[in-house]
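*Asks:* Before I ask anything, let me first share the structure, which is written out below as structure tokens.
The values are calculated or read from the model by the stated rules, or taken from the named source; none is laboratory data. Since the structure is predicted, the reported quantities are computational estimates derived from the model, not experimental observations. Every residue, glycine among them, receives a Cβ derived from its backbone with ideal geometry; neighbour counts consider all protein chains shown. Protein only, heavy atoms only, side chains kept; ligands, DNA and RNA dropped before computing areas. Shrake-Rupley method; radii C 1.70, N 1.55, O 1.52, S 1.80 Å.
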Amino acid sequence: MQELSTQDIRGLLPLVRIVNESEIDHEMVDDNTTVSFEQMKGAVGSLIFLWSQIERELAESLDALQIEGSSKSAHGIARRLDLWSNQIKSRSGQRILASRLTDVLAAHLRDSLSVRNLICHGLTGISAKIHSEGKDARLTVELGDIRRSLTWTELQIMFGWMSRARWLIRDLTTASLEPDNRHAENLLREWEEFPHCQ
């Protein structure tokens, strides 16, 4: 694995929470569920798998946009995400929905990428929830001065929108290539509530 520099670590310091308490739909979260150690290890694999799908979609979208500095020359996930979102924003012009969705998706992906980097480079502990009344299962991460706990509930909420992110990347790319503004915005109507469930 690649070593993180002090500058990289400082960049992770303002890590935004995955969700805040007001965003959790408590009717959909079963606080009495037990979570095994194996399920928590699987959550790490899920995060890496989801990111590999998102990376692939970003690369394909950059190639579809046929811009200077496409996916072959844009090294690193953060660089590709910035290149893609800037290109989509510039192509979207006055398309309000496309512009808003690009901002929301890019912000969520940056937060999730920070979580991915913390887990890949600083995972120090995994705890299960053996009893239904116990504390939520969690991953503990430490990197430089950063210490965080990422709960099963937070991770499941993040995985929910991440599992749809590649399709939104594709639809935003397709809409940006559409010359008709109304048709382009109509392509994105089903995403209006993103990242919440559709």
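*Asks:* Accessible area of the stretch 31-133 with a 1.4 Å probe: how many percent of it is carbon plus sulfur?
*Replies:* Exposed carbon and sulfur together represent 51 percent of the surface.
*Asks:* Another question about this same structure. Figure the gain on full extension for residue 107 and residue 142 (residue separation times 0.36 nm, minus the Cα-Cα span) and round it to one decimal in nm.
*Replies:* That pair, residue 107 and residue 142, stretches by 10.3 nm at full extension.
*Asks:* Something else: Residue by residue through the stretch 113-122, what is 3J(HN,Hα) from phi via Karplus (6.51 cos²θ - 1.76 cosθ + 1.60, θ = phi - 60°)? Round to whole Hz and write x for glycine and proline.
*Replies:* 5, 4, 5, 4, 5, 4, 5, 5, 10, x
*Asks:* Could I ask something else about it? Taking R0 as 25 Å, what's the FRET efficiency between residue 90 and residue 49 from their Cβ-Cβ distance, rounded to 0.05?
*Replies:* Between residue 90 and residue 49 the formula returns 0.20.
*Asks:* Something else now. Over the stretch 152-198, give the accessible area per residue in Å² for a 1.4 Å probe, as an integer.
*Replies:* Result: 52 Å² per residue.
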